[in-house]
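Student: One structure coming up, written as structure tokens, with questions to follow.
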Amino acid sequence: MGKYNFTEIEKKVRAEWEKHPINIYDDKKPRFYCLDMFPYPSGKGLHVGHWRGYVLSDVLSRYKILRGFQVLHPMGWDAFGLPAENFAIKNNVHPSAGVAENVENFRRQLKEISAVYDWSREINTTDPEYYRWTQWIFVRMFKHGLAYEKEMPLNWCPKCKAVLANEEAVGGECDRCHTPVTKRMLRQWMLKITAYADRLLGGLDSLDWPEKVKKMQSEWIGKSYGAEIDFPVAGADEAIKVFTTRPDTLYGATFMVLSPEHPLAERITVESQLEEMDEYRRKAAAKSSVNRMADRNKTGVFTGSYGINPLNGEKIPIWVSDYVLIDYGTGAIMCVPAHDERDFEFAKKFGLPITEVISRDGKPSEELSEAYIGEGFMINSGAFDGTPSGEAKEAVADYLEEKGIGTKTVNYKLRDWVFSRQRYWGEPIPIIHCEKCGAVPVPEDELPVLLPEVASYQPTETGESPLANMDSWVNTTCPRCGGPAKRETNTMPQWAGSSWYFLRYADPHNQTALADKDALKKWLPVDYYVGGVEHAVLHLLYARFYTKFLYDIGAVEFEEPFIKLFNQGMITNKGHKMDKSGDNSVSPDEIVRRYGCDSLRMYELFVGPPELDSEWDERSIEGVNRYLNRVWKLIEDSCLKSVKADRRMKQIRNKMIYEITNRLERWSLNTVVSGFMEYTNKLADIARQAGGLDKETRDSLIIMLAPFAPHIAEELWRITGREASVFNERWPEADETMLAEDTVTVALQINGKLRDSITVDAEASRDEVLAAARQALSERLDGKEIVKEIYVPGRIVNFVIKG
RNA sequence: GCGGGUGUGGCGGAAUGGUAGACGCGGCGGACUCAAAAUCCGCUUCUGGCGACAGAGUGGGGGUUCAAGUCCCUUCACCCGCACCA
């Protein structure tokens, strides 16, 4: 009889699994693809917060194996990106050297989890054999007109010295370093994700994802219906196009506002206003977007020009204000102060007229103290007077189309994806610029375009990649005409490699395609995807876009890559997120050494509901460790004294199986762990009385424990005399006829207040139970009139009494 | 402002409308021990009482119901996401 020596057991069991791996793949079995978001292998290593998602997905994978599935559960490295490059700059080593070192450490740490990862499928986005296909997808997008170059004002992070996609500059801050971004005019590669806006939105419905993430994506895409309307500029041969979702309010448009960046802003400003306008526009340009968003006081300058309301011919003043954004809609708006809060504010501040065109009851209001944005009936709107505003949206828009002064349109917040980065450590964009032929893609059979060695990785201030200084690499010949040409020197963003990696796992060593069609068909799409919520509008949106494109070119046969998404909660320490910055991060290495992998695995589940944030508490791990000690002792003892199961033992076994399976299926993993504790305690009691446990009960407990604490389960399986792995077994089934107890405790209430409880035969009839209840409560019921008797079988009796 | 989430003992947290506080941590008491650690057993929501017991109790206020942590209305606090999106 030994003590539960987890260090020794885990070492031994791991060695066994190395020698005789659990046989997972078997085409006779149904398949299940369970995926973790692959990590960026940072220099800091993993903390116990990372473990949570990895443990969740591994519990599911192992459970599915016991349920008779073949399970693909892979792991890899998203290893391009700035930290590796910054590390390289600081230490004057090649980024790949740092990456190799970090990957090694990450792999070691991940192996400590003892997940059933198929390490033979490990991938690394920085491997040329991998990024060959990242480049191939880009070339295909280029050929389909989805990758294009454009010069435009872009988000620029002064610290990272690179442009950012809109998704990386949310709230006007760099997603990575939180530096306020500035705008810079640059020529960059873009991916036309907007061409997929509608499908990216529509596809969300079919997904079993957290509502929150679906909502975030749908708001990011930001579809709205409305109309574009042309407002002629009085006395000029110009028209200003505006977008509005409220064509029904057009009669109430009493002024217009252009964004400071609008091309007409300067042109239509009259001489006397020009100085003030220039000053205003200069200030707006200098304001960081953070400031511009934070300061909600309306400011603006009158251009001195007027527009013509195309419906009623009224002359309305045109202003310039920074509350109008250049990159949404047309960068110009018609302003209806009576029915828009922002326009109302602006009108009040600058003394502009306010015309009510919709009222709740169809009668004009005395005075508007605030904008009325609700529904109602149209007034002051010519022929439309009296129309309900809901109908009027359509009616006015139709009328505008008829008259040729407007068109119904759909507008999106989603912008095209800024895809090039002015940094070294990324996939080179496989394009060659030829003076004669323009941008020419590198022929597919010449991919990958290898990332060359350079003398310095230092990013530049100019918006040029460090690759631009490598004349010998930059100068090449045009694949089309053979003339002199230059390579594109920008690299791809970090998101490129992660936008399709889940496909590569199906067939990671394929030399002729991104993955074999049959392998893709076998494993994809991903059945269960586990990761943090922080990628809601980054990786998860990009991956969906890539998948839809690959579907369109026939490379894959599905449009949505991830059927089910689960966002695990964070592990916090003293209320704060454990993150890279370090101080409050707890390393799993030390915890595993002190309590063992199985204890930490179970603790990560026990800590709280998997979808909620939970506070790290090391003392609770000791509790889990004590629990595993008790299991060890129980099984070991019961092996010495095997007994035949009596009715009571069978009942408890079946209840245990039923309860734990139920909780697991409901993904209530914290209560699965408490269920193990509860039933192990009960079994220990029974075993004390009966002198041992029966074989079937013992086996059921071990098998069910296996996905959660695989090492101890495997070793206990040996102790009970088995040669083969516990993972060859099947998850036990509960015999539902054995769930009922022989006796039940019934709570007794009077007027809903608990007064007593009685234990009765489970088979007892309603009358028998009520009689027993009356008997038990006789003193309290004496002389009272029972108005009503409620009996919930096996649970409760409630007497409603009077007097 | 909009969207999402969370409020339950000293702490983490359990509860298909049916005995609130499972399970664990911590605490208290006991067994074992020369002793300690480990382990095992018992108690542990609060208030009052030696006590059996009584009363209160799931952020606050209302409501539905024989019965509400759970359903409805309302309100407060904290966390997260988005935010002048026309």
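The values are calculated or read from the model by the stated rules, or taken from the named source; none is laboratory data. Predicted model, so just to flag it, every value in this text is computed and none were measured. A quick note on method: Cβ atoms are made from the backbone with ideal geometry, for glycine too, and the neighbour counts reach across all protein chains shown.
Student: Can you tell me how many residues within segment A:171-197 are in contact (Cβ under 8 Å) with a residue 60 or more places away in the chain and either touching a Phe, Trp or Tyr at 6+ places or on another chain (Cβ under 9 Å) or in a strand (DSSP E or B) (or both)?
Tutor: Residues flagged as in contact (Cβ under 8 Å) with a residue 60 or more places away in the chain and either touching a Phe, Trp or Tyr at 6+ places or on another chain (Cβ under 9 Å) or in a strand (DSSP E or B) (or both) within segment A:171-197 amount to 16.
Student: Given the options A:113, A:65, name the one that is at pLDDT 90 or above, in contact with an Asp or Glu (Cβ under 8 Å, 6 or more places away or on another chain) and of a type in the set (Val, Ile, Thr).
Tutor: One residue alone meets the criteria, A:113.
Student: Go through (1) modelled with pLDDT under 90; (2) more than 16 Å from RNA strand B (Cβ to nearest atom) one by one and return the number of the condition residue A:284 breaks.
Tutor: (2)
Student: Among the listed residues A:796, A:786, identify the single one that is over 29 Å from residue A:652 (Cα atoms) and either of a type in the set (Val, Ile, Thr) or near RNA strand B (Cβ under 8 Å from one of its atoms) (or both).
Tutor: Result of the check over A:796, A:786: A:786.
Student: Condition test on residue A:734, is it aliphatic (A, V, I, L, M), over 24 Å from residue A:57 (Cα atoms), modelled with pLDDT under 90 and more than 10 Å from RNA strand B (Cβ to nearest atom)?
Tutor: no
Student: Got at least one residue in segment A:449-468 being under 35 Å from the mean Cα position of the chain (by Cα), farther than 14 Å from residue A:487 by Cα and of a type in the set (Gly, Ala, Ser)?
Tutor: yes
Student: If we keep just the residues of segment A:83-108 that are surrounded by fewer than 21 Cβ atoms within 10 Å (Cβ to Cβ) and among the polar types (S, T, N, Q), which is nearest to residue A:445 (Cα to Cα)?
Tutor: Here the residue is A:96.
Student: Scan segment A:410-438 for residues that are farther than 11 Å from residue A:165 by Cα, away from RNA strand B (no atom under 16 Å from the Cβ) and in a loop (DSSP other than H, G, I, E, B) and report the count.
Tutor: The number of residues fulfilling the criteria is 11.
Student: A follow-up question, please. Does segment A:615-637 hold any residues that are closer than 14 Å to residue A:48 by Cα, charged (D, E, K, R) and in a helix (DSSP H, G or I), and which are they?
Tutor: A:618
Student: Same structure again: May I ask you to list the residues in segment A:493-509 that are more than 20 Å from the chain's Cα centre (by Cα) and among the aliphatic types (A, V, I, L, M)?
Tutor: A:506
Student: Consider residue A:721 carefully, then state whether it is of a type in the set (Gly, Ala, Ser), more than 14 Å from RNA strand B (Cβ to nearest atom) and within 48 Å of the chain's Cα centre (by Cα).
Tutor: Against the criterion (of a type in the set (Gly, Ala, Ser), more than 14 Å from RNA strand B (Cβ to nearest atom) and within 48 Å of the chain's Cα centre (by Cα)), residue A:721 qualifies.
Student: Do we find that residue A:451 is in a helix (DSSP H, G or I), under 21 Å from residue A:87 (Cα atoms) and at pLDDT below 95 in this structure?
Tutor: Values: in a helix (DSSP H, G or I): no; under 21 Å from residue A:87 (Cα atoms): yes; at pLDDT below 95: yes.
Judged against the criteria, residue A:451 is not a match.
Student: When residues of segment A:683-733 are filtered for being part of a loop (DSSP other than H, G, I, E, B) and in contact with a Cys (Cβ under 9 Å, 6 or more places away or on another chain), how many remain?
Tutor: First, pick out the residues of segment A:683-733 that are part of a loop (DSSP other than H, G, I, E, B): A:691-694, A:706-709, A:720-725, A:729-733.
Cutting the leftovers down to in contact with a Cys (Cβ under 9 Å, 6 or more places away or on another chain) gives us A:692-693, A:709, A:720-721.
The number of residues fulfilling the criteria is 5.
Student: Residue check: is residue A:676 within 14 Å of RNA strand B (Cβ to nearest atom) and part of a loop (DSSP other than H, G, I, E, B)?
Tutor: No, not satisfied.
Student: Just name the residue that is nearest to RNA strand B (Cβ to nearest atom) out of those in segment A:657-667 that are over 20 Å from residue A:737 (Cβ atoms) and buried (at least 17 other Cβ atoms within 10 Å of the Cβ).
Tutor: A:663
Student: Got a sec? Which of A:650, A:644 is in contact (Cβ under 8 Å) with a residue 40 or more places away in the chain and not in a helix (DSSP H, G or I)?
Tutor: Sole residue among the options that is in contact (Cβ under 8 Å) with a residue 40 or more places away in the chain and not in a helix (DSSP H, G or I): A:644.
Student: What's the number of the only condition in (1) under 22 Å from the mean Cα position of the chain (by Cα); (2) over 30 Å from residue A:308 (Cα atoms) that residue A:223 fails to meet?
Tutor: Single failed check for residue A:223: (2).
Student: In addition: If you go through segment A:351-359 one residue at a time, do you hit one that is modelled with pLDDT of 90 or more, farther than 24 Å from residue A:409 by Cα and within 12 Å of RNA strand B (Cβ to nearest atom)?
Tutor: So in segment A:351-359, the residues modelled with pLDDT of 90 or more come out as A:351-358.
If we keep only those that are farther than 24 Å from residue A:409 by Cα too, we end up with A:351-356.
Now restrict to residues that are within 12 Å of RNA strand B (Cβ to nearest atom): none.
Looking for residues that are modelled with pLDDT of 90 or more, farther than 24 Å from residue A:409 by Cα and within 12 Å of RNA strand B (Cβ to nearest atom), one finds none in segment A:351-359, hence no.
Student: Still on this structure: Kindly indicate whether any position in segment A:62-77 is touching a helix residue (DSSP H, G or I) at 6+ places or on another chain (Cβ under 9 Å), more than 25 Å from residue A:605 (Cβ to Cβ) and buried (at least 22 other Cβ atoms within 10 Å of the Cβ).
Tutor: yes
Student: Another question, then. Can you tell me which of (1) within 30 Å of residue A:381 (Cβ to Cβ); (2) within 12 Å of RNA strand B (Cβ to nearest atom); (3) modelled with pLDDT under 95 is the one residue A:290 doesn't meet?
Tutor: Tallying (1) within 30 Å of residue A:381 (Cβ to Cβ); (2) within 12 Å of RNA strand B (Cβ to nearest atom); (3) modelled with pLDDT under 95, residue A:290 fails exactly one: (1).
Student: Just a yes or no: is a residue in segment A:510-532 within 16 Å of RNA strand B (Cβ to nearest atom) and within 14 Å of the chain's Cα centre (by Cα)?
Tutor: yes
Yes/no matrix, rows are residues, columns are (1) under 30 Å from residue A:698 (Cα atoms); (2) free of Cβ contacts under 8 Å to residues at least 40 places away in the same chain:
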| position | (1), (2) |
| --- | --- |
| A:548 | no, no |
| A:556 | no, no |
| A:564 | no, no |
| A:609 | yes, no |
| A:613 | no, no |
| A:621 | yes, yes |
| A:624 | yes, no |
| A:627 | yes, no |
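Student: Among the numbered conditions (1) assigned to a loop (DSSP other than H, G, I, E, B); (2) closer than 30 Å to residue A:575 by Cβ; (3) more than 8 Å from RNA strand B (Cβ to nearest atom), tell me where residue A:612 comes up short.
Tutor: Unmet condition: (3).
Student: Same structure again: Examine segment A:575-595 for a residue that is farther than 27 Å from residue A:206 by Cα, crowded, with 19+ Cβ neighbours inside 10 Å, in contact with a Ser or Thr (Cβ under 8 Å, 6 or more places away or on another chain) and not β-branched (Val, Ile, Thr), and state whether such a residue exists.
Tutor: Yes: one or more hits.
Student: Conditions first: (1) β-branched (Val, Ile, Thr); (2) assigned to a loop (DSSP other than H, G, I, E, B); (3) in contact with a Leu (Cβ under 9 Å, 6 or more places away or on another chain); (4) within 25 Å of residue A:115 (Cα to Cα). Residue A:489 passes all but one, so which condition is the exception?
Tutor: Checking residue A:489 against (1) β-branched (Val, Ile, Thr); (2) assigned to a loop (DSSP other than H, G, I, E, B); (3) in contact with a Leu (Cβ under 9 Å, 6 or more places away or on another chain); (4) within 25 Å of residue A:115 (Cα to Cα), the one that fails is (4).
Student: Only one of (1) more than 8 Å from RNA strand B (Cβ to nearest atom); (2) surrounded by 17 or more Cβ atoms within 10 Å (Cβ to Cβ); (3) at pLDDT 90 or above is not met by residue A:334, so which one is it?
Tutor: (1)
Student: Check A:322, A:327, A:295, A:343 and return the single one that is in contact with a Cys (Cβ under 6 Å, 6 or more places away or on another chain), within 16 Å of RNA strand B (Cβ to nearest atom) and closer than 25 Å to residue A:269 by Cβ.
Tutor: Testing whether each residue is in contact with a Cys (Cβ under 6 Å, 6 or more places away or on another chain), within 16 Å of RNA strand B (Cβ to nearest atom) and closer than 25 Å to residue A:269 by Cβ leaves just A:343.
Student: Something else now. Among the small types (Gly, Ala, Ser), away from RNA strand B (no atom under 16 Å from the Cβ) and surrounded by 14 or more Cβ atoms within 10 Å (Cβ to Cβ): which single residue out of A:147, A:169 fits that description?
Tutor: A:147
Student: Could you check residue A:370 against (1) part of a loop (DSSP other than H, G, I, E, B); (2) in contact (Cβ under 8 Å) with a residue 40 or more places away in the chain; (3) within 16 Å of RNA strand B (Cβ to nearest atom) and say which number it fails?
Tutor: Against the list (1) part of a loop (DSSP other than H, G, I, E, B); (2) in contact (Cβ under 8 Å) with a residue 40 or more places away in the chain; (3) within 16 Å of RNA strand B (Cβ to nearest atom), residue A:370 comes up short only on (2).
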